[in-house]
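The values are calculated or read from the model by the stated rules, or taken from the named source; none is laboratory data. Here the structure is a predicted model, which means the values were calculated and not measured. Neighbour counts run over all protein chains shown; Cβ positions are idealised from the backbone, glycine included.
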Amino acid sequence: MLKDEISKALAPLKLERVEPGDYDKTGYHLEVDAAPEQMPEVAQALKSTGCFLDSLTALDFPEAFHVVYHFSSFRELCRTAVKAKVPKGKAAVTICRVYPGANWYEREVYDLFGLKFTGHPDLRRILLPFDADFHPLRKVFETEKADA
Amino acid sequence: MQGGFHLEKKTGEPLISFGLLTEALNLARANSLWPMTFGLACCAIEMMAAGMARFDMDRFGAGVFRPSPRQCDLMIVAGTISKKMGPPLVRLYEQMAAPKWVIALGNCAISGGPFYYPDQYAIIPGADLIIPVDVYVPGCPPRPEGLLESILVLEEKITKRGRLRKFRNVKG
């Protein structure tokens, strides 16, 4: 089972949480919580098992941004959700050295949430104009203040 | 006016008119409008349908979609113009050789459509805010017949006679 392989690959990292998920309920075979600075190693471990990066997005909670990474595999149906909690005012760590495809996803998260990724080679806005001065998916975003 | 874009004043009207020759040229232009292969959103799907065999824009000489703005004389703005797409749109328009015409296809290209609300940050509500538009085609999206009619209306505008006149009984 790929799930066990991934758990084994993640074991040396001593992550906060590596739990099998209820696929029928949540759609994930494996749920992982990791510290943001561990993410490059987590990505490396997942890459060594042959997974690809499905999506990368963020959630805005009052105390922290949750960066959510989804991994899948072509070999067998095994979806992994990795959550990294980044406290407000801190930066996440890029995984685009491991998965080059994360480059634009991280730019999108930066664009819409204003969350910075340290080590990112080209952290510019991607969807909004380069001179925009707001991050629309933040909960505090008020459209009245936007430069319309 | 939207952030830094400027409205181009040139509409392709010649400085010197050669009378009959200009009319003959306009007749040729009106019956061989070459549109640009260029779609911004779902209206482009209707534009493709209008170009295909069933609706067949080629009947009116407008079926030759060119992949380069330098070979085009018609820009069909088919879809929502996001703020990011605005500058490239103006640039493509400016790369076209005059005389050139613009059709705003669908509600988004006319006025922002369903994406417009006060103080929105994402779109440019209307192609005519950044480039001069000749014909507006309402609809969300418009039927291919709508686009065909807009081509005929544009022919009317270019030749000042056109195919639709006899059906509409317009004197002129």
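Details
- Residues of the stretch A:80-133 that are of a type in the set (A, V, I, L, M, F, W, C) and surrounded by fewer than 16 Cβ atoms within 10 Å (Cβ to Cβ): A:Trp104, A:Leu127, A:Phe130.
- Looking at the stretch A:1-95, the helices (runs of 4 or more DSSP H) lying wholly inside it that each contain 2 or more residues that are in contact with a helix residue (DSSP H, G or I) (Cβ under 7 Å, 6 or more places away or on another chain) and not charged (D, E, K, R) sit at A:2-10, A:39-48.
- Put simply, of A:Phe65, A:Phe61, A:Phe52, A:Phe71 the only residue that is without any contact (Cβ under 8 Å) to a residue 12 or more places away in the chain and either surrounded by 17 or more Cβ atoms within 10 Å (Cβ to Cβ) or of a type in the set (Phe, Trp, Tyr) (or both) is A:Phe61.
- Summed over the stretch B:68-86, the residues that are within 19 Å of B:Cys43 (Cβ to Cβ) and in a helix (DSSP H, G or I) give a count of 2.
- Checking A:Arg125, A:Arg138 one by one, the residue that is within 14 Å of chain B (Cβ to nearest Cβ) and either in contact with a Cys (Cβ under 8 Å, 6 or more places away or on another chain) or at pLDDT 90 or above (or both) is A:Arg125 and no other.
- Criterion applied to A:Asp111, A:Asp131 was being at pLDDT 90 or above and within 11 Å of chain B (Cβ to nearest Cβ), and the one residue passing it is A:Asp111.
- Every residue from the stretch B:92-106 that is within 14 Å of B:Ser150 (Cβ to Cβ) and touching a Gly at 6+ places or on another chain (Cβ under 9 Å): B:Trp101, B:Ala104, B:Leu105, B:Gly106
- Boolean, B:Ile124 is within 14 Å of another protein chain (Cβ to nearest Cβ) and surrounded by 20 or more Cβ atoms within 10 Å (Cβ to Cβ): yes
- Some residue of the stretch B:96-116 being within 11 Å of chain A (Cβ to nearest Cβ) and either over 13 Å from B:Thr37 (Cα atoms) or touching a strand residue (DSSP E or B) at 6+ places or on another chain (Cβ under 8 Å) (or both): yes
- Options A:Phe130, A:Phe134, A:Phe113: the member that is free of Cβ contacts under 8 Å to residues at least 12 places away in the same chain and more than 26 Å from A:Ala9 (Cα to Cα): A:Phe130
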